[in-house]
There are 2 protein chains.
Amino acid sequence: MPRSTLYQLVASELRRAIYSGALRPGDQLPTEVELMGIHQVSRNTVRLALGELVNEGLITRTPRRGTVVRERRPLLIHPQRELQPQPEETKEAFAWAVSQEGRVPSQHIEVAIVQPAEEIASRLELADDEFAVVRRRLRFVDGQPYNTNDSYFPLSLVADSEIARPGDITRGANRVLTELGHRQVRMVDDIWARMPNTSETHRLQLQSGTPVVVYIRVGYDEGDTPVRVAVSVLPADKHLIRYELESR
Amino acid sequence: MPRSTLYQLVASELRRAIYSGALRPGDQLPTEVELMGIHQVSRNTVRLALGELVNEGLITRTPRRGTVVRERRPLLIHPQRELQPQPEETKEAFAWAVSQEGRVPSQHIEVAIVQPAEEIASRLELADDEFAVVRRRLRFVDGQPYNTNDSYFPLSLVADSEIARPGDITRGANRVLTELGHRQVRMVDDIWARMPNTSETHRLQLQSGTPVVVYIRVGYDEGDTPVRVAVSVLPADKHLIRYELESR
């Protein structure tokens, strides 16, 4: 059996133990020497197998604590919920999703008027001299930084509204847009991933080797004018995006 | 001005040049010394700025070729298309999307009967002793490996069909499922990202530091039985997933 197959076999047995719950978050794996004995393989094979699981975000290896199953409580994001009719008292979507899981949401908000970067300006269809209001949020779950969400709105549309003023909008910016006559009726979601930049690594306290999912949503009103561009940066080990589609 | 802000400013100017097309894929960036002069900053600041852009997948740095704008032709994935009524002659979705862009799709297929890993078995709601047929595809665009797509089907449903036989199914496995009386009417899509494992890095010829997006689709028939689990591994620098949603 070639070596590549052998280490993959060991990796797959460990992976199964983690997925099945036999090894739980925070549990320590056997040492390299113990794994060599259990699987009757060389140290090199053990190391290759463990490397796979590190890459997949399942375990972390540190000199002091050894090899440990990673804490994984990904937050489930349901992008479709924002388009469903919401009861009057509904909280903003993130706060709602987190509370549903019995966890405590919080956030820092910063509001600014900016000339957004090309990738935002083009999505908002802004002219060169047009400004946007950005509401930049760093979001926490149980006090831990979880993700960032920067929402951009054309200044011309929202200048006189709560959206352009600092501080939280309890009923959500989407409802304010609706009140302004720009209810979003269509959304286009772009999703990809990349490695975080230095500032993201720092703000989101990312472990090294953790990619981020970038999720950009553009909301269009009934006149098909883009009224909001929301950029979420979601550390990949803590988030899962789920869409549910039905044939019409 | 603190150093962190300064290098981000330089990074942002370079980023803008790339997004606007002033710097095009394959173009060489000025040298570190030239950038120090242009932006009136230290070498360290230049290096921090370039590091950001490497992290974002915008540029690559090699000792021989210097700093070069990365080739980025992400393939646009439209997960909703699979649920739309398709004309009789429609090609399989990947082949179709690639042809639409004037590029040439091809693939290697491997068909096997397996006891799938926990994460697949649970989604297919298989009992412990039940098997699945897996159709493993490595897909190419213009001859370059692009992504993998492994589709699992309960063996009990597809044992006597083309799905369980080696080789391509020109009209797509979804149509075969429909012919078998298991048309998929509901899909649940889970999307996250992680670093690739060794085998993926090799098969997909990934540059180091390129995460992969994992996209798992479960298709349910009219009786709400899961009839297909499709796992796509999409190198993050080459793919963009796009959903379009409308309020009902």
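Relative contact order of chain B: what whole-number percent is it, with Cα pairs under 8 angstrom and at least 6 residues apart?
Rounded, it is 17 percent for chain B.
Each copy carries a label point for A:PRO30 at 7 Å from Cα along the beta-carbon vector; from one copy to the others these points are 5.9 nm apart, nearest first.
A cut-off of 5 Å between modelled amide H atoms, ignoring neighbours fewer than 5 places along the same chain, links B:ASP221 with B:VAL185, B:VAL227. Of the residues B:ILE120, B:ILE77, B:ILE191, which exhibits the maximal mean-square fluctuation in a Gaussian network model of chain B defined by a 10 Å Cα contact cut-off? Result for chain B, Cα springs under 10 Å: B:ILE191 fluctuates most. Inter-copy label distances at B:ALA117, using a point 7 Å along Cα-to-Cβ, come to 3.2 nm with the shortest given first.
What is the local net charge at B:THR148, summed over the other residues whose Cβ is closer than 10 Å to its Cβ (Lys, Arg +1; Asp, Glu -1)?
Summing Lys/Arg as +1 and Asp/Glu as -1 gives +2.
A cut-off of 5 Å between modelled amide H atoms, ignoring neighbours fewer than 5 places along the same chain, links B:LEU75 with B:HIS239, B:LEU240. Translational diffusion of segment B:127-189, estimated by Stokes-Einstein from the Kirkwood radius over alpha carbon pairs at 10 °C in a medium of 1.306 mPa s, is 120 µm² per second. Derived scalar couplings between HN and Hα for segment B:179-184 equal 4, 7, x, 10, 4, 7 Hz in order, rounded to whole Hz, by the Karplus curve 6.51 cos²θ - 1.76 cosθ + 1.60 (θ = phi - 60°), x for Gly and Pro. Per-residue mean of foreign Cβ neighbours for B:236-243 is 6 (Cβ atoms of other chains, 10 Å radius). Given +1 at the Cβ of Lys and Arg, -1 at the Cβ of Asp and Glu and no other charges, the dipole of chain B around its Cα centre is 1360 debye to the nearest 20. Neighbouring Cβ atoms from other chains, within 10 Å of the Cβ of residues in A:194-201, number 6 on average. Working from label points 7 Å from Cα in the Cα-to-Cβ sense, the B:THR5 to B:GLN115 distance is 6.2 nm. Within the listed set B:ARG137, B:ARG24, B:ARG228, the Gaussian network model of chain B (springs between alpha-carbon atoms below 10 Å) gives the highest mean-square fluctuation for B:ARG24. Projecting the Cα positions of A:TYR215, A:VAL176, A:THR225 onto the charge dipole of chain A (unit charges on Cβ atoms of Lys, Arg, Asp and Glu, taken about the Cα centre) puts A:TYR215 furthest along the positive direction.
Cβ under 13 Å from A:ALA112's Cβ, A:ALA112 left aside: what net charge do those residues give with Lys, Arg +1 and Asp, Glu -1? For residues surrounding A:ALA112, the net value is +2.
Only alpha carbons enter this Debye calculation for segment A:85-222, each as an equal point scatterer, and the log10 of I(q)/I(0) it gives at q = 0.16 Å⁻¹ is -0.98.
Among A:THR170, A:THR210, A:THR62, whose mean-square fluctuation peaks in a Gaussian network model of chain A (Cα, cutoff 10 Å)? Maximum fluctuation in the GNM of chain A, among the listed residues, is at A:THR62. Along segment B:140-152 the Karplus relation, 6.51 cos²θ - 1.76 cosθ + 1.60 evaluated at θ = phi - 60°, assigns HN-Hα couplings of 10, 10, 6, x, 9, x, 10, 7, 10, 9, 10, 10, 10 Hz to successive residues, with x for each Gly and Pro.
The mean number of partner chain beta-carbon atoms within 10 angstrom of a residue's beta-carbon across peptide B:184-190 is 4. Each part gets one Cα centre, and for segment A:125-143 versus segment A:172-248 those centres are 11 Å apart. Mean projected area of the convex hull spanned by the Cα atoms of segment A:3-69, taken over all viewing directions: 4.1 nm².
For A:HIS202, the label point sits 7 Å beyond Cα toward Cβ; its separations from the matching points on the remaining copies run 3.9 nm, from shortest to longest.
With respect to chain A, whose longest principal axis is taken over its alpha-carbon atoms, helix A:3-20 is tilted by about 60°.
Computed from the C-alpha gyration tensor, the three semi-axes of the ellipsoid equivalent to the protein assembly as shown are 37, 30, 25 Å, from longest to shortest. In units of the compact-protein estimate 2.2 N^0.38 Å, chain B shows a Cα radius of gyration of 1.25. Each peptide in B:143-153, A:104-114 was scored by the mean count of other Cβ atoms within 10 Å over its residues; highest first, the order is B:143-153, A:104-114.
A short reminder: the numbers here are calculations on the coordinates, not readings from a lab. Remember, it's a predicted structure, so these values are computed and weren't measured experimentally. No Cβ is skipped: glycine too gets one built from the backbone with ideal geometry, and neighbour counts run over all protein chains shown.
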